[in-house]
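Here's the structure we're looking at; comments come further down.
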Amino acid sequence: MARETVLKSSSSGEDEDRDLRPQRMADMVGQREVYERLKIVVEAARKRDEPLSHVLFDGPPGLGKTTFALCIPRELGVGVQLASGPAIKAPKDLVPYLTNAEQRSVLFIDEIHRLPRAVEEYLYTAMEDFRIDIVLGEGVNARTHNLWLKPFTLIGATTRAGMLSGPLRDRFPVREHLGFYSVDELTEILRRNARKLNVPVDDDAAREIAARSRSTPRIANNRLRWVRDYAETKADGRVTLPVAQAALKMAGIDDLGLAKPDRDYLMTAIRVFSGGPVGLEAIAHTMNASPDTLEDEVEPFLLRSELLVRTPRGRVVTAKGYRHLKVSPPQDASPDAQSRLFE
């Protein structure tokens, strides 16, 4: 059964404490270029009293795709239905969402890249013509019934836009890529959310947490909650710089934002494979970890932080990686690894 609700700004402090997401796009910190472009298309749709053009958000996890998607219906004053790509297995699972969509309402599909190809193709006519074809009966007695839909807006969010078929991507007139946040932006986010959580946080403590949050608001909020709990049990409840540093140290978060699995990955590549080149599966088997977990959760930040590089022969730890771990480069490093050490 499709689920529809009208999202309204929360007037309850208790609700805000449970949900740190901004309620309006104007309240969001960062992604200002995305905000300015969305503000124009939202205002234009509202003035014309037409449904907003279909919108596709892409980017790494935790950067605000869902927050933007939920703020847009509030700006338009319309209802929204929430769906998830993995939960829609066949076109019949999508039909209730489409038929229940009200005029100008929003259908939000998270992880839209995980829709089966048959469902993607079923969306083509729904997005372009606001029409779906329903087959009634079976065999020679089967007949097709054209069902017209109320004009609606589809908002998709994906971490892997490349996995969407070209025809589906092209049916989104508005496509926005969300990038990572600066330390200043994360610091401001943490200040605001600390007020929502009713926890006093010093400015230098907020900046320390932000600097160790991988440029990602979701991670920053999670670490703020951990530091708050630590401050309430180990200190007087106020998050000062020493309290924040002690809490993050206990959690195994170092100055660069690396957690224990990240450091274990690098140390395994250095200790066992002389810094590389080494294949992902070799590291995974040595660590007794899943290759998919390492590739999806560990490697992206190591690569972005320039602690690790991928070469045609495998992964190689960089000079920056050795310096961060305070480890001397091995004397018997391979030529590929040695060349990376001096970059």
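The values are calculated or read from the model by the stated rules, or taken from the named source; none is laboratory data. All of these numbers come straight from a predicted model, not from anything done at the bench. All Cβ positions, even for glycine, are placed from backbone atoms using ideal geometry, and neighbour counts span all protein chains on display. These area figures cover heavy atoms from the full protein model, side chains too; ligands, DNA and RNA do not enter into them. Shrake-Rupley method; radii C 1.70, N 1.55, O 1.52, S 1.80 Å.
Observations
- Ranked by the mean number of other Cβ atoms within 10 Å of their residues, highest first, the peptides 241-250, 175-184 come out as 241-250, 175-184.
- Translational diffusion of segment 247-298, estimated by Stokes-Einstein from the Kirkwood radius over alpha carbon pairs at 10 °C in a medium of 1.306 mPa s, is 138 µm² per second.
- Only DSSP H runs of four or more residues enter the estimate; each adds -39500 (n - 2.57), and after division by the residues of the chain the mean residue ellipticity at 222 nm equals -13000 deg cm²/dmol.
- Segment 51-166: C-alpha pair distances exceeding 18 Å, %: 50 percent
- In whole percents, the pair-distance distribution calculated for segment 153-225 from its alpha-carbon pairs, binned every 10 Å from zero, is 18, 36, 20, 20, 6.
- Take every Cα pair under 8 Å whose residues are at least 6 apart in sequence, average their separation, divide by the length of segment 197-261, and the relative contact order is 40 percent.
- Distance in nm between pseudo-label sites at residue 40 and residue 290 (7 Å out along the Cβ direction from Cα): 4.2 nm
- Counting only alpha carbon atoms, the long axis of helix 32-48 and the longest principal axis of the chain meet at about 10°.
- Translational diffusion of segment 71-110, µm² s⁻¹ [Kirkwood Rh, Cα pairs; Stokes-Einstein; 37 °C; 0.692 mPa s]: 305 µm²/s
- Value of Rg to Rh for the chain (Rh from inverse mean 1/r over Cα pairs, i.e. Kirkwood): 1.05
- Using a Förster distance of 25 Å, the FRET efficiency for residue 310-residue 255 (Cβ separation, nearest 0.05): 0.55
- Pairs of Cα atoms nearer than 8 Å and 6+ residues apart set the relative contact order; for segment 219-295 it is 16 percent.
- Solvent-accessible area of residue 290 with every protein chain in place, 1.4 Å probe, in Å² to the nearest 10: 50 Å²
- Förster radius 30 Å - calculated FRET efficiency between residue 92 and residue 174 (Cβ-Cβ, nearest 0.05): 0.60
- Accessible surface comparison of 145, 113, probe 1.4 Å, protein chains only, largest first: the order is 145, 113.
- Per residue, the convex hull around the alpha carbon atoms of segment 197-343 comes to 118 Å³.
- For segment 29-145, share of DSSP beta bridges that run antiparallel, in % to the nearest 5: 40 percent
- Each of residue 184 and residue 203 was given a label point 7 Å from its Cα along the Cα-to-Cβ line. The distance between the two points is 1.3 nm.
- Simple spin-label estimate for residue 272 and residue 191 in nanometres, 7 Å along Cα-Cβ: 4.6 nm
- Among 296-308, 148-160, sorting by the average number of other beta carbon atoms lying within 10 angstrom of each residue, highest first, gives 148-160, 296-308.
- Contact order normalised by residue count of the chain, Cα under 8 Å, 6+ apart, percent: 14 percent
- Portion, in percent, of the accessible area of the chain that falls on carbon or sulfur, probe 1.4 Å: 49 percent
- Per residue value of the accessible surface for the chain (all protein chains in place, 1.4 Å probe), Å²: 50 Å²
- Among the listed pairs 39/92; 196/234; 196/260, those with a Cα-Cα distance over 25 Å are 39/92; 196/260.
- Beta bridges per DSSP, both residues in the chain: antiparallel share near 40 percent.
- Computed extension gain for residue 297 through residue 323, at 0.36 nm per residue and net of the alpha carbon distance, reaches 7.1 nm.
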